[in-house]
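Working notes, structure below.
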Amino acid sequence: MRSGSISCRHCATDDRKGFSAKFGAPLFDYARVNPRYRAIFNRAMTSYSAVETQWALTALANEDFSQIHTLCDVGGGHGHLACGLLNAYPHLRAMVLDLAEVVSETDRLWAPRLGLSQRCRYLGGDMFREVPPADAYVLKSVLHNWSDNECVRILANLRRAVIRAGRMFAADFVVPGPEESHFSKLFDLHMMLTVTGRERTAAEFAELLAAAGWRYDAWHRVLNAFQSLIAANAA
């Protein structure tokens, strides 16, 4: 079940159905204007971050970070992954970019709680508009939220801003071949009903990267993990 039947696809893309029908707006728009829902959503994402961070760190163990000195965690929330990377790579400095209302929740930010404020900076901003210069970017559970065109906009902004090492890492669901059972194939239906995005194969990620000026490099899989990691170089 890659993307559901025709009837499921119609149900997911019809404005009268799914999350928008229930709450009157797409998920992220609703969260921005509803502080109570946003707080619940952010707590849920934070609670999931511990296992996601471990998956990402395991996948990134295959990568050479010696030439990466500055890294930006795009859509990084309260910075759990960024702090995990700072602990793993003592030479690294990190920035966490997310919406102003997210990074303003100072009591929930991980860097101060873990004593990493000297090496981690939080920035309020919009990844669809601009990202800060960095040697590398990481996006955890970001791209599957957005359509192909929206993903290309995000990735193109990263490509314009990247410096020196020129690396990009996307920790996300990656749909394996039809012969392999995988949670991503079920979660694809959930994404169609809640946001504009979907789950993608490694080949589909490679196409998005190429359209935004990146060169697909590797697909790092982690044993018994839902998520994988896609690595790319500045083309």
Report summary line: Ala82 vs (1) within 19 Å of Arg129 (Cα to Cα); (2) touching a Cys at 6+ places or on another chain (Cβ under 9 Å); (3) not in a strand (DSSP E or B): all pass except (1)
Query - Test set (1) at pLDDT 95 or above; (2) more than 16 Å from the chain's Cα centre (by Cα) - Ala82 fails condition number - result: (2)
Requested in this report: Go through the residues of the stretch 178-185 one by one and say whether even a single one is open to solvent by 30 Å² or more (accessible area, probe 1.4 Å) and either under 17 Å from the mean Cα position of the chain (by Cα) or among the β-branched types (Val, Ile, Thr) (or both).
Outcome: no
Report task. Output the residues belonging to the stretch 212-228 that are part of a loop (DSSP other than H, G, I, E, B) and either within 15 Å of Ala59 (Cβ to Cβ) or open to solvent by less than 20 Å² (accessible area, probe 1.4 Å) (or both). Result -> Ala212, Arg221, Val222, Leu223, Asn224, Ala225, Phe226, Gln227
Query raised in the report: Would a scan of the stretch 121-133 turn up a residue that is aliphatic (A, V, I, L, M), assigned to a helix (DSSP H, G or I) and open to solvent by 30 Å² or more (accessible area, probe 1.4 Å)?
Result: no
Query raised in the report: Which one of the conditions (1) loosely packed, with under 15 Cβ neighbours inside 10 Å; (2) without any contact (Cβ under 8 Å) to a residue 24 or more places away in the chain; (3) assigned to a strand (DSSP E or B) does Ile163 fail to meet, given that it meets all the rest?
Result: (2)
Report task. Evaluate the stretch 96-119: report whether one residue or more is part of a strand (DSSP E or B) and over 13 Å from the mean Cα position of the chain (by Cα). Result -> no
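The values are calculated or read from the model by the stated rules, or taken from the named source; none is laboratory data. Because the structure is predicted, anything quoted here is derived from the model rather than measured. Glycine gets a Cβ as well: all are built from the backbone with ideal geometry, and neighbour counts include every protein chain shown. Accessible surface is based on the protein model in full, side chains and every heavy atom, while ligands, DNA and RNA are left aside. Shrake-Rupley method; radii C 1.70, N 1.55, O 1.52, S 1.80 Å.
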